[in-house]
Amino acid sequence: MIKVFQRLGYQFKEYVILVILVVVSLISISLSEKPQAKKLKAFAIANFAVLSEITETFVSIFTPDVEVEELRIENAKISLQLNKLKKVAAENDELRSMINMRDTSSLPLIPVRVVSKLITKVQGNFIVNRGSNSGIAKGMPVINHRGLVGLVMDVTEDYSVVRTIQNSNLSIAVTIQRSNVDGVLSFDGRDLIIKDIPTTYDVKIGDRVETSDFSSLFPPLIPVGIISKKETNELGLLHSLTVKPFAEIEATNNLFVIGIVSSKQINQLEMNLLKKP
């Protein structure tokens, strides 16, 4: 060990001597009471403090602070847990609303949960976790606690495919609640639209839209949405109405299937047009 120190001392003797001289000089300056020495001492201390701060900052860039890293990890865990709790709270609110709806509705409701969402620009389809074994059949309407979501299009024993209202292959007979104006609601790839409403009819932005008595697919009076935009064609004769749905289609996870298959027709003419893809 002594030889190691001797070898290091021999290799760095110039630096050792320099450090000793600097230390002796600083001690001499600190003990001196001369004005010039005091000024030099103050200058040296100030510069040493600045240099020390810069050095610590530089070193901290390359030397990770274990405590800071631990705090960051803990914050990340807390953030993930908070997001999880928020999701659970939102789902609990949705389920609570669905329970209340089931208790007050006179329609036979079958609770289901979305297990897959197959959504493209013009076609929205869900797969839900119940099928024919639970009494679900093709043609049954699907809702959530806010309003209409879609229609059951295919069924297996344990699963069902739901075509949502945000699907260009589904058209729905609807009524504007306030003025009893009827129309056909369809999805254009971006919005839900009711086309060809005469400008002489009483329709306003904010009017509620619901399923119509003329519907051959849906029971009447199911809430659909509100009119959010009204546009007039070039001739000024017809309105095109944009409807904002009550149900947040892409965000919903818990649904009800209404356990009936409607077959009502008015003058043998179906007001709902179920198009084949």
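Yes/no matrix, rows are residues, columns are (1) surrounded by 14 or more Cβ atoms within 10 Å (Cβ to Cβ); (2) in contact with a strand residue (DSSP E or B) (Cβ under 8 Å, 6 or more places away or on another chain); (3) under 20 Å from Ile249 (Cβ atoms):
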site	(1), (2), (3)
Ile193	yes, yes, yes
Ile197	yes, yes, no
Ile205	no, yes, no
Val209	yes, yes, yes
Phe214	yes, yes, no
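What do you reckon, is Asp154 closer than 15 Å to His239 by Cα and of a type in the set (Asp, Glu)?
Criteria not met by Asp154.
Quick one: is Ala173 assigned by TED's automatic domain parsing to the domain that holds Ile222, surrounded by fewer than 19 Cβ atoms within 10 Å (Cβ to Cβ) and out of contact with any Leu (no Cβ under 6 Å at 6 or more places or on another chain)?
In short, no.
If you take the residues in the stretch 130-157 that are basic (Lys, Arg) and modelled with pLDDT of 90 or more, which one is nearest to Leu192 (Cα to Cα)?
Lys138
Among the residues of the stretch 201-216, is there at least one that is of a type outside the set (Lys, Arg), in contact with a Phe, Trp or Tyr (Cβ under 6 Å, 6 or more places away or on another chain) and either in a loop (DSSP other than H, G, I, E, B) or in contact (Cβ under 8 Å) with a residue 60 or more places away in the chain (or both)?
The answer is yes, given that some residue of the stretch 201-216 is of a type outside the set (Lys, Arg), in contact with a Phe, Trp or Tyr (Cβ under 6 Å, 6 or more places away or on another chain) and either in a loop (DSSP other than H, G, I, E, B) or in contact (Cβ under 8 Å) with a residue 60 or more places away in the chain (or both).
Taking the options Ile172, Ile193, name whichever one is modelled with pLDDT of 95 or more, in contact with a Ser or Thr (Cβ under 7 Å, 6 or more places away or on another chain) and not hydroxyl-bearing (Ser, Thr, Tyr).
Ile193 is the lone residue from the list that is modelled with pLDDT of 95 or more, in contact with a Ser or Thr (Cβ under 7 Å, 6 or more places away or on another chain) and not hydroxyl-bearing (Ser, Thr, Tyr).
The values are calculated or read from the model by the stated rules, or taken from the named source; none is laboratory data. Predicted model, so just to flag it, every value in this text is computed and none were measured. Cβ coordinates were reconstructed from backbone atoms using ideal geometry, including for glycine residues, and neighbour counts include every protein chain displayed.
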